[in-house]
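Structure record follows, encoded as structure tokens.
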Amino acid sequence: MSPADRSAGRLFGDGPLSRAAALVHTLLTVEAMLLVAAAPGLLLLPGLGRTPADLPLAALCLLPLGPALAAAVYALHHRGRDLTDLHPARDYWRGWRLNARPALRIWAPMTGWLTVIALSLSHFTVTGLPGWWAVLLAVLGLGGLLWGAHALVLVSLFDFRTADICRLAAYFLFRHGRSTLGAASLTVLAAGLALTVTEALPALLAPLLLLSLLHAGRPVITETEERFTV
């Protein structure tokens, strides 16, 4: 192929502007699909109060978010290298069909665990327990969130049994400290945005946060592909 032919082949879809436009298109489409998939629960959240008594109801409202996030991770990971053939919506709903049930089997227990910890901390003053118990509960809650971040990536991209996903997520929690630290940073960022700006902002920025989670979890994905798949 002559230099002129190669130059002509790069006229569409191969330049930095085309790549940036394709990324923006993918992020916006995944955002829209995620909001649609999680809407049954997210629409009910604003009607709940901010009292501890509403935490179990909030956890129920967040159940559809698990499969929605798994589908988003799948779509972002599988976004095509051919920028002239972008189908993020198709990839999203394929990811949702493949991963909705497996993701819910991970998401529901994790949400329940975090709800129990949140309820315990909100009523901690009446328990009479020493203060270090509150610190322990907070550490367990953060550990559950970070474990859930690894489990979300694994369940979105690999067809493993739920028990294997749980074990691998716990294994990678300490095996790849940088990936876990990246997940922790994103968790703190999302929590900070929700507390200081609005609870809706992390949902609106979810594709960017998930894309960052995928980047941070690249060592986890690579090792899983090399060691635990045929």
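The values are calculated or read from the model by the stated rules, or taken from the named source; none is laboratory data. From a predicted model like this one, the values you see are computed outputs, not experimental measurements. For neighbour counting, all protein chains shown are included, and Cβ atoms are generated from backbone atoms with ideal geometry for every residue, glycine included.
Table for the structure above
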read-out	value
Residue within region 79-93 that is polar (S, T, N, Q) and surrounded by 14 or more Cβ atoms within 10 Å (Cβ to Cβ) present	no
Failed condition for TYR171, given (1) free of Cβ contacts under 8 Å to residues at least 12 places away in the same chain; (2) outside any helix (DSSP H, G or I)	(2)
Enumeration of residues in region 99-113 that are without any contact (Cβ under 8 Å) to a residue 40 or more places away in the chain and of a type outside the set (Phe, Trp, Tyr)	ALA100, ARG101, PRO109
Exclusive hit being out of contact with any Pro (no Cβ under 7 Å at 6 or more places or on another chain), in a helix (DSSP H, G or I), at pLDDT below 95 and surrounded by 15 or more Cβ atoms within 10 Å (Cβ to Cβ), set ALA184, ALA151	ALA184
Only listed residue being under 22 Å from LEU189 (Cα atoms), crowded, with 18+ Cβ neighbours inside 10 Å, in contact with a Leu (Cβ under 6 Å, 6 or more places away or on another chain) and not polar (S, T, N, Q), chosen from LEU76, LEU121, LEU137	LEU76
Residue match in region 154-163 (condition: part of a loop (DSSP other than H, G, I, E, B) and within 20 Å of LEU114 (Cα to Cα))	no
Residue in region 51-62 that is under 18 Å from GLU199 (Cβ atoms), at pLDDT 85 or above, of a type in the set (D, E, K, R) and part of a helix (DSSP H, G or I) present	yes
Residue identified as among the hydrophobic types (A, V, I, L, M, F, W, C) and over 20 Å from GLY66 (Cα atoms) among LEU195, LEU173	LEU195
Near pairs, Cβ below 7 angstrom, 6+ apart or cross-chain, from region 125-144 (in a helix (DSSP H, G or I)) to any residue that is hydroxyl-bearing (Ser, Thr, Tyr) and surrounded by 13 or more Cβ atoms within 10 Å (Cβ to Cβ)	LEU137/SER120
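This table checks each residue for (1) without any contact (Cβ under 8 Å) to a residue 24 or more places away in the chain; (2) surrounded by 14 or more Cβ atoms within 10 Å (Cβ to Cβ).
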site: THR180; (1), (2): no, yes
site: VAL197; (1), (2): yes, no
site: PRO202; (1), (2): yes, yes
site: PRO207; (1), (2): no, yes
site: SER212; (1), (2): no, yes
site: ALA216; (1), (2): no, yes
